[in-house]
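Just below is one structure, and these are the notes that go with it.
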Amino acid sequence: MIKVAQLVKSYGAVQAVRGVSFDARDGRITALLGPNGAGKSTTLRILSTVAIPDAGSAEIAGVDVTADPMAVRKQIGVLPHNSGLYQRLTGIENIRYFGRLQNIAPSELHPRIDALVEQLEMQDFCDRRTAGFSQGQKIKVALARALIHDPQHVILDEPTNGLDVMATRALRDIIMKLKQAGKCVLFSSHIMQEVDALCDD
């Protein structure tokens, strides 16, 4: 479960987040809906431990994100707004690298990669370098990278941005399967229809 209480974050004179509070429960899909510049990405960056709040609190699985960020990182899988893939690496190499960062043993890592490649239907491109990938291909590799350590909490920043209709439908199916597996899924969007299609809260 993710718990956020009165979160505040400013960048100089710009107050990006002002008193945001919400709970995101396990086995549910929760959305942060708002226009660009509303502070959605900043909130998710705080939950992802890459930004520190000025005030308020945020907990993931009962762990404060500022007090013990390393423990939080083991609990979360993050799909950032920019996929941030290493373009000189293949799709598989990108996923494997993050699996090693999570200290997954090789005997476990390879079967997990194979399962994600099949689940996300990446067989046709996973062995190519990610430079030149379509947006949909980038999202799939970045999502596999986020899920490689089987996190309980999945944080997705504008996950359907730039995807075509077919890729969007495929991603929705994956998100629904995460919910059915009992995961806590939190995503941001500026599109009301996307929220209506996916979320419980």
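The values are calculated or read from the model by the stated rules, or taken from the named source; none is laboratory data. Values in this document were obtained by computation on a predicted structure and should not be read as measured data. When we count neighbours, we look across all protein chains shown, and the Cβ atoms used for this are built from the backbone with ideal geometry, even at glycine. Only protein heavy atoms, including side chains, enter the accessible area calculation; ligands, DNA and RNA are left aside. Shrake-Rupley method; radii C 1.70, N 1.55, O 1.52, S 1.80 Å.
Table for the structure above
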read-out	value
Some residue of the stretch 152-160 being open to solvent by 40 Å² or more (accessible area, probe 1.4 Å) and either more than 24 Å from Val65 (Cα to Cα) or in contact with a helix residue (DSSP H, G or I) (Cβ under 9 Å, 6 or more places away or on another chain) (or both)	yes
Given (1) open to solvent by 60 Å² or more (accessible area, probe 1.4 Å); (2) at pLDDT below 90, index of the condition Ala167 fails	(1)
Pair list, Cβ under 6 Å, 6 or more apart: the stretch 49-65 residue at negative phi, other residue in a strand (DSSP E or B) and of a type in the set (S, T, N, Q)	Asp54/Ser10
Selection within the stretch 138-169 - over 22 Å from Thr49 (Cβ atoms), part of a loop (DSSP other than H, G, I, E, B) and not charged (D, E, K, R)	Thr160, Asn161, Gly162, Leu163
Long-range neighbours under 9 Å by Cβ, at least six apart or interchain, first residue closer than 23 Å to Thr160 by Cβ and small (Gly, Ala, Ser) within the stretch 127-140, second open to solvent by less than 50 Å² (accessible area, probe 1.4 Å) and modelled with pLDDT of 90 or more	Ala131/Leu85; Ser134/Phe125
Tabulated pairs, the stretch 151-164, first in contact (Cβ under 8 Å) with a residue 40 or more places away in the chain and under 23 Å from Ala38 (Cα atoms), second aromatic (Phe, Trp, Tyr) and crowded, with 23+ Cβ neighbours inside 10 Å, C-beta under 6 angstrom, 6+ apart or interchain	Leu156/Phe187; Pro159/Phe187
Count - residues of the stretch 26-37 that are surrounded by fewer than 17 Cβ atoms within 10 Å (Cβ to Cβ) and either small (Gly, Ala, Ser) or more than 24 Å from Gly62 (Cα to Cα) (or both)	6
Subset tally (residues that are under 17 Å from the mean Cα position of the chain (by Cα), in a loop (DSSP other than H, G, I, E, B) and free of Cβ contacts under 8 Å to residues at least 60 places away in the same chain) for the stretch 17-48	1
